[in-house]
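Undergrad: Dropping the structure in here first, questions after.
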Amino acid sequence: MLSPPNNQNTLGKIITIANQKGGVGKTTTAVNLAASLAVGEYRTLLIDIDAQANATSGLGVESKDLTKTIYEVLINAVPAKEAILASNVPHLDLLPSHINLVGAEVELIDLPEREYIMSKALASIREDYDVIIIDCPPSLSLLTLNALTASDSVLIPVQCEYYALEGLGQLLNTINIVKRHLNTTLDIEGVLLTMYDGRLRLSNQVVAEVKKYFGEKVFETLVTRNVRLSEAPSFGLPVVLYDAASSGTKNYLDLAAEIIRRNPALMTKDGLARVAESSTVKIANETSPS
Ligand SMILES: Nc1ncnc2c1ncn2[C@@H]1O[C@H](COP(=O)(O)OP(=O)(O)OP(=O)(O)O)[C@@H](O)[C@H]1O
Ligand SMILES: [Mg+2]
């Protein structure tokens, strides 16, 4: 199930994808960033902690019949290894979610050290991966707090839409509280602009505004609107397998390359060349305007 370790004893970097606003591109980013890192042959794990289980179904896994999911890992102390599945993408594993995670919030409240449950659950599997990506629900709930507490960094997707910055103050406030009390080394990996449409003045205004606010933390990569990104999940595939020549594929490979360049531990492997090469091939072959 797991890819053979190529760099033993290093701990995988844990990146949480969070924004309490709904529909901003968290799951699309989690699935496609994870798949793009796997293209670079980084040993990658995607963890779905949203009861909607969109990241799970987005990788073609039907969660309803699963008996071991993130719910059992967090609430019943089932070892994470037992719930992890191989995905349809080489080098990418999945720790799936399940609708019963809806009840987890309430159940977590009574558990000891309730903010550290995910951190402890992941300790035993960190060295099996180079990168672990966590897809959060659209809330600043105890589940999201657990993810932030367990993570090295947080990636914030921001949709190029009206009120893009609304709610970000609350998210940054939560991140600061986590840094002060639960996880002093939590970093902001970056802010990712999603659903960008260069023809719209609004999109460009949002880019300017977000850059003014977050400066260098904004990724150079802009994820443009691309219908292939919204179609791929219904086939249970990341976009790189659904339509390798789409702009969505290129955008997420470029994001992966940017993240690799920003992280010395990831730079030490040959993955950047593999990701960059896939990205270049796609531009050369791009035939559709989508
Ligand atoms: N770049 C894009 N181009 C076109 N459609 C997109 C793009 N990014 C996301 N979408 C679509 O927008 C919708 C919301 O995206 P997504 O599910 O990734 O957001 P989310 O933040 O995870 O939502 P939620 O808060 O409900 O978990 C989905 O239908 C998705 O397919
Ligand atoms: Mg989602």
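The values are calculated or read from the model by the stated rules, or taken from the named source; none is laboratory data. Nothing here was measured: the structure is a model prediction, and the numbers come from that model. Cβ placement follows ideal geometry from the backbone for every residue including glycine, while neighbour counts extend to all protein chains displayed.
Undergrad: Answer yes if at least one residue in the range 21-42 is out of contact with any Gly (no Cβ under 8 Å at 6 or more places or on another chain), over 23 Å from E231 (Cβ atoms) and modelled with pLDDT of 95 or more, and no otherwise.
TA: Checking the range 21-42: not a single residue is out of contact with any Gly (no Cβ under 8 Å at 6 or more places or on another chain), over 23 Å from E231 (Cβ atoms) and modelled with pLDDT of 95 or more.
Undergrad: Also, quick follow-up: Looking only at the range 175-197, filter to residues that are of a type in the set (A, V, I, L, M), more than 16 Å from ligand 2 (Cβ to nearest atom) and not in a loop (DSSP other than H, G, I, E, B); which one of those is nearest to A123 (Cα to Cα)?
TA: In this case the residue turns out to be V178.
Undergrad: Among the residues of the range 235-247, is any hydrophobic (A, V, I, L, M, F, W, C) and within 16 Å of ligand 2 (Cβ to nearest atom)?
TA: Scanning the range 235-247 turns up at least one residue that is hydrophobic (A, V, I, L, M, F, W, C) and within 16 Å of ligand 2 (Cβ to nearest atom).
Undergrad: If you don't mind, another one. Applying the selection to the range 153-169, what residues are of a type outside the set (A, V, I, L, M, F, W, C) and more than 13 Å from the chain's Cα centre (by Cα)?
TA: Q159, E161, Y162, Y163, E166, G167, G169
Undergrad: Still on this structure, please answer the following. Just checking, how many residues over the range 120-145 are farther than 17 Å from N54 by Cβ and over 15 Å from the mean Cα position of the chain (by Cα)?
TA: So the count comes out to 12.
Undergrad: So which pairs qualify, if the first residue must be in the range 50-68 and touching a residue at least 60 places away in the same chain (Cβ under 8 Å), the second must be more than 16 Å from ligand 2 (Cβ to nearest atom), the Cβ gap must be under 7 Å, and the two must be at least 6 apart or on different chains?
TA: L59/S87; L59/N88; G60/N88; G60/L237; V61/L85
Undergrad: Now, a different point. Given the options E209, E161, E231, name the one that is farther than 30 Å from A123 by Cα, within 16 Å of ligand 1 (Cβ to nearest atom) and modelled with pLDDT under 95.
TA: On inspection, the qualifying residue turns out to be E161.
Undergrad: Continuing with the same structure: Filter the helices (runs of 4 or more DSSP H) completely within the range 1-105 down to those with at least 2 residues that are surrounded by fewer than 24 Cβ atoms within 10 Å (Cβ to Cβ).
TA: 54-58, 70-75, 80-83
Undergrad: Also: For the condition modelled with pLDDT under 95 and not charged (D, E, K, R), what is the one hit in S3, S57?
TA: S3
Undergrad: From the list L255, L172, exactly one residue is surrounded by fewer than 21 Cβ atoms within 10 Å (Cβ to Cβ), among the hydrophobic types (A, V, I, L, M, F, W, C) and assigned to a helix (DSSP H, G or I). Which is it?
TA: L172
Undergrad: What is the one condition in (1) in contact with a Cys (Cβ under 8 Å, 6 or more places away or on another chain); (2) modelled with pLDDT under 95 that E105 does not satisfy?
TA: (1)
Undergrad: Limited to the range 135-169, what total is found for residues that are within 15 Å of ligand 2 (Cβ to nearest atom), surrounded by fewer than 24 Cβ atoms within 10 Å (Cβ to Cβ), hydroxyl-bearing (S, T, Y) and touching a residue at least 40 places away in the same chain (Cβ under 8 Å)?
TA: Residues flagged as within 15 Å of ligand 2 (Cβ to nearest atom), surrounded by fewer than 24 Cβ atoms within 10 Å (Cβ to Cβ), hydroxyl-bearing (S, T, Y) and touching a residue at least 40 places away in the same chain (Cβ under 8 Å) within the range 135-169 amount to 1.
Undergrad: Is it true that some residue in the range 183-198 is in contact (Cβ under 8 Å) with a residue 40 or more places away in the chain, under 23 Å from S119 (Cα atoms), surrounded by fewer than 19 Cβ atoms within 10 Å (Cβ to Cβ) and out of contact with any strand residue (DSSP E or B) (no Cβ under 6 Å at 6 or more places or on another chain)?
TA: no
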